[in-house]
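Got a structure for you, questions after.
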Amino acid sequence: MIAHRSLRSSTARRRVSIAVATASVALLAACTSQSPPTPVSGTESYVEDLDAPWSIAFHGDVALVSERDSARVLEIAADGEKREVAVIDGVEPGGEGGLLGLAVHDGELFTYFTAQGENRVERRTIVGDAGGLSLGEPTAVIDGIPAAGTHNGGRIAFGPDGMLYVTTGDAGDRDSAQDLDALSGKILRLTPDGEVPDDNPFDASPVYSYGHRNPQGIAWDAEGAMYASEFGQDTWDELNVIEPGGNYGWPEVEGIADDSDYIDPVQQWRPDAASPSGIAVTGSDIVIANLRGERLRTVPLDDLTSGTDRFTGELGRLRDVVVGPDDELWVLTNNTDGRGSPSPGDDRILRLDLD
């Protein structure tokens, strides 16, 4: 096992305030054929009646949303109306598996999903214009990622280096997270075509970091530092700064261990206050969507050990948060996935101004 140095101290950054809790929702003109959106906790819904949604990605100014169990990709119009773009073939939903992460790169939609006996990533050309988008034929990017009823990871995103990053869970095989020959319990790094970049930390391997249990959020700040959120088991959920080749300890350790063989998280939380999924980085903060914790957490980049909770218990489970092309936060609830308590209109997207 390779021993890794402790995480370097973060460079001081100028902090700009983000007031998510008191932010006003930027609601575009409502479609006249739809009833008015339902007020939620002093905000208003932008999109309603989504079915177990999982991820938001943008093709230009158009938001695309995945639904885990229906395997649908939806496009969201400027007035909040939703339209089916495609149903992804080969998706086999079950438990936490199904159509999960989306990412857009150079006019192609990348999808992470659970298929028969595996998780895989495919890419498809996005065809047409807003209001009439469709998808071309699939091309495999990576397959053979272990799948299970739980711990499928599933977040995909393109980094500032133009590479595709893929989070994978341990799929219930705890020890595989420490096995560099296994794809489970890792963050993977690939070219958009699915090749292994020459500068990956392990020769001819897509593995970028390892020792993860179930990471479901990745994002980068303006300086290129990479952050990941991770579900722990019974003790600690984590926020990590990801280093190439880094070993994050699972299943040997969970949370902050002060063991030089592993990289400690910069922050940890009890699962009932967290269960962090999607994350986004604004100019000054990391914003984290939490499922079981039912809150939007803001962690300042200049103090990664602190944070502020918003909307606690008000919106239910939160699956994803992204910064849209309008420089607003798009927040995705997840109350219809079988583990939440849906309210009328769930699931929904909210748009929040950044102050």
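Out of the residues in segment 232-244 that are touching a residue at least 60 places away in the same chain (Cβ under 8 Å) and surrounded by fewer than 24 Cβ atoms within 10 Å (Cβ to Cβ), which is nearest to S275 (Cα to Cα)?
Within segment 232-244, the first condition is being touching a residue at least 60 places away in the same chain (Cβ under 8 Å), and the residues that meet it are 239, 241, 243.
Going one step further and asking which of them are surrounded by fewer than 24 Cβ atoms within 10 Å (Cβ to Cβ), we end up with 241, 243.
Values: V241: 17, E243: 22 Å.
Residue satisfying both the conditions and the ranking: V241.
For a quick check of your reading: which strands (runs of 3 or more DSSP E) sit entirely within segment 37-112 and have at least 3 residues that are open to solvent by 50 Å² or more (accessible area, probe 1.4 Å)? Write out each step before concluding.
Details: elements: 53-59, 62-67, 72-76, 82-87, 99-105.
In segment 37-112, 82-87 are the strands (runs of 3 or more DSSP E) which contain 3 or more residues that are open to solvent by 50 Å² or more (accessible area, probe 1.4 Å).
From the list P146, P138, pick out the single residue that is farther than 17 Å from L188 by Cα and touching a strand residue (DSSP E or B) at 6+ places or on another chain (Cβ under 9 Å).
Details: P146 fails: farther than 17 Å from L188 by Cα.
Result of the check over P146, P138: P138.
So which residues in segment 130-146 are outside any strand (DSSP E or B) and either open to solvent by 50 Å² or more (accessible area, probe 1.4 Å) or without any contact (Cβ under 8 Å) to a residue 60 or more places away in the chain (or both), if there are any at all?
Of all residues in segment 130-146, those outside any strand (DSSP E or B) come to 130-133, 136-138, 146.
Those that are outside any strand (DSSP E or B) and either open to solvent by 50 Å² or more (accessible area, probe 1.4 Å) or without any contact (Cβ under 8 Å) to a residue 60 or more places away in the chain (or both): A130, G131, G132, G136, E137, P138, P146.
If the Cβ limit is 7 Å and pairs must be 6+ apart or interchain, which residue in segment 320-339 that is at positive phi pairs with which residue that is at pLDDT below 95?
Between residues of segment 320-339 that are at positive phi and residues that are at pLDDT below 95, the close pairs are D327/L354.
Results for (1) of a type outside the set (A, V, I, L, M, F, W, C); (2) over 16 Å from the mean Cα position of the chain (by Cα), shown as yes or no for each residue.
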residue: R297; (1), (2): yes, no
residue: D309; (1), (2): yes, yes
residue: G313; (1), (2): yes, yes
residue: L318; (1), (2): no, no
residue: V322; (1), (2): no, no
residue: L332; (1), (2): no, no
residue: G338; (1), (2): yes, yes
residue: R348; (1), (2): yes, yes
residue: L352; (1), (2): no, yes
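Please go through segment 256-297 and pick out each residue that is open to solvent by less than 10 Å² (accessible area, probe 1.4 Å), in contact (Cβ under 8 Å) with a residue 40 or more places away in the chain and assigned to a strand (DSSP E or B).
P276, S277, G278, A280, D285, I286, V287, I288, A289, L296
Next up: Looking at G217, G224, G211, can you tell me which residue is of a type in the set (G, A, S) and farther than 16 Å from V281 by Cβ? Before you say what the answer is, go through the steps one by one.
Numbers: G217 fails: farther than 16 Å from V281 by Cβ; G224 fails: farther than 16 Å from V281 by Cβ.
Just one listed residue meets the conditions, G211.
For segment 298-323, name all the residues that are open to solvent by less than 20 Å² (accessible area, probe 1.4 Å) and among the hydroxyl-bearing types (S, T, Y).
Of everything in segment 298-323, just one residue is open to solvent by less than 20 Å² (accessible area, probe 1.4 Å) and among the hydroxyl-bearing types (S, T, Y), namely T298.
Check whether at least one residue in segment 205-217 is open to solvent by 50 Å² or more (accessible area, probe 1.4 Å) and out of contact with any His (no Cβ under 6 Å at 6 or more places or on another chain), and report yes or no. Show your work before the answer.
Just the residues of segment 205-217 that are open to solvent by 50 Å² or more (accessible area, probe 1.4 Å), to begin with: none.
No, segment 205-217 contains no residue that is open to solvent by 50 Å² or more (accessible area, probe 1.4 Å) and out of contact with any His (no Cβ under 6 Å at 6 or more places or on another chain).
Checking the structure you have, find out if any residue of segment 18-30 is open to solvent by 50 Å² or more (accessible area, probe 1.4 Å), modelled with pLDDT under 90, aliphatic (A, V, I, L, M) and over 25 Å from R310 (Cα atoms).
Initially, segment 18-30 is screened for residues open to solvent by 50 Å² or more (accessible area, probe 1.4 Å), giving 22, 24, 27-30.
Restricting the remaining residues to those that are modelled with pLDDT under 90 gives 22, 24, 27-30.
From the residues that got through so far, the ones that are aliphatic (A, V, I, L, M) too are 27-30.
Okay, now just the ones that are also over 25 Å from R310 (Cα atoms), so 29-30.
Within segment 18-30, one or more residues are open to solvent by 50 Å² or more (accessible area, probe 1.4 Å), modelled with pLDDT under 90, aliphatic (A, V, I, L, M) and over 25 Å from R310 (Cα atoms).
Out of segment 113-128, which residues are open to solvent by 10 Å² or more (accessible area, probe 1.4 Å) and of a type in the set (A, V, I, L, M, F, W, C)?
A115, I126, V127
The values are calculated or read from the model by the stated rules, or taken from the named source; none is laboratory data. Since the structure is predicted, the reported quantities are computational estimates derived from the model, not experimental observations. When we count neighbours, we look across all protein chains shown, and the Cβ atoms used for this are built from the backbone with ideal geometry, even at glycine. Ligands, DNA and RNA are stripped out before the accessible areas are found, and what is left, the full protein with its side chains, is counted by its heavy atoms. Shrake-Rupley method; radii C 1.70, N 1.55, O 1.52, S 1.80 Å.
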